[in-house]
Amino acid sequence: MKKVMIVLCIFIAIFTIIASKHFYDHRVKTTALAAKEVLTEHAQIEELENERARQRLLTKNMDTNLANIVYQAIENNDKVNIVIVSSEFQIATRWYDIFESELHTHYRDDLFNLTVVEYNDKSSYQFVHEQHYNIILEKEPDVLIIDAFLLNDNGIYLIEDTLTNLDSIINEIKNNSDDLVVIVQPPHPMYDEGYYLAQVEKLEAHVSEKGYLYFDHWSNWPEFGYLTDNQPNLDGHKHWSEFITNYFIANKKGN
């Protein structure tokens, strides 16, 4: 009986050691996996924060209001809706095509949603009185980049009428979006500027008075060149896009 008890005690002792070893190994493995998951999670958070910080740096050339809109979209994994109102161009690659490609390259691919509304041969009066601004409203823009109707209105309406119609379009959009960022730009330069240059100067003064942003992309064009039949050719669109891209994207990759 005594021998049986000794054997039983030895068996219990061995079982306890084995069970303890198994429990210890399992606990070490579980702790190691948990630690690895924590480190992985921290690494992912750090990578995300670094990427957000990198994208925030890209906005340093922007107006404060626009930068804040982009910040919030980055932080909330949301989108920024940009609507461009432009004349029609007889070329496959337009300045806004290049601009959109640059946005997707340097920011999160789906951060910016860009829509183009072409007014083709319509005057500013037609655009207002036919209520084409409703097309813009449907897109719910955070940012409105509008190419003033100077060329379409030239010789038909006084510049004062064009500016009044421009204000009407912008006001219709702003009434539905208090935080809307408005950017006004002139159409492309012309070889024979004539009265057109005076109109552009009045446009810039008016935009400044209204407190909108003004994109003087003419400063990025050579004095003569990059026009074919008084329309921007591919080089012209590249220069036009470069001006706007540099506003939206500071510290571009490769710079």
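Inclusion of L144 among residues that are open to solvent by less than 30 Å² (accessible area, probe 1.4 Å), out of contact with any Gly (no Cβ under 8 Å at 6 or more places or on another chain), not in a helix (DSSP H, G or I) and not basic (K, R) is warranted. Among the residues of segment 68-121, those that are more than 16 Å from Q185 (Cβ to Cβ), part of a loop (DSSP other than H, G, I, E, B), out of contact with any Asp or Glu (no Cβ under 6 Å at 6 or more places or on another chain) and not β-branched (V, I, T) comprise N76, N77, D78, K79, Q90, A92, Y107, R108, D109, D110, L111, D121.
In segment 206-230, what residues are at negative phi and open to solvent by 60 Å² or more (accessible area, probe 1.4 Å)? Within segment 206-230, S208, E209, K210, S219, E223, F224, T228 qualify.
Residues that are closer than 27 Å to N230 by Cβ and open to solvent by 40 Å² or more (accessible area, probe 1.4 Å) within segment 153-176 comprise N154, G155, I156, Y157, L158, E160, D161, T164, listed in sequence order.
Taken together, D110, D179 contain a single residue that is within 24 Å of the chain's Cα centre (by Cα), closer than 19 Å to D63 by Cα, surrounded by fewer than 21 Cβ atoms within 10 Å (Cβ to Cβ) and not polar (S, T, N, Q), which is D179.
The values are calculated or read from the model by the stated rules, or taken from the named source; none is laboratory data. This is a predicted model, so every value here is computed, not measured. Quick reminder, even Gly has a Cβ in these numbers, built from the backbone with ideal geometry, and neighbours come from all protein chains shown. These area figures cover heavy atoms from the full protein model, side chains too; ligands, DNA and RNA do not enter into them. Shrake-Rupley method; radii C 1.70, N 1.55, O 1.52, S 1.80 Å.
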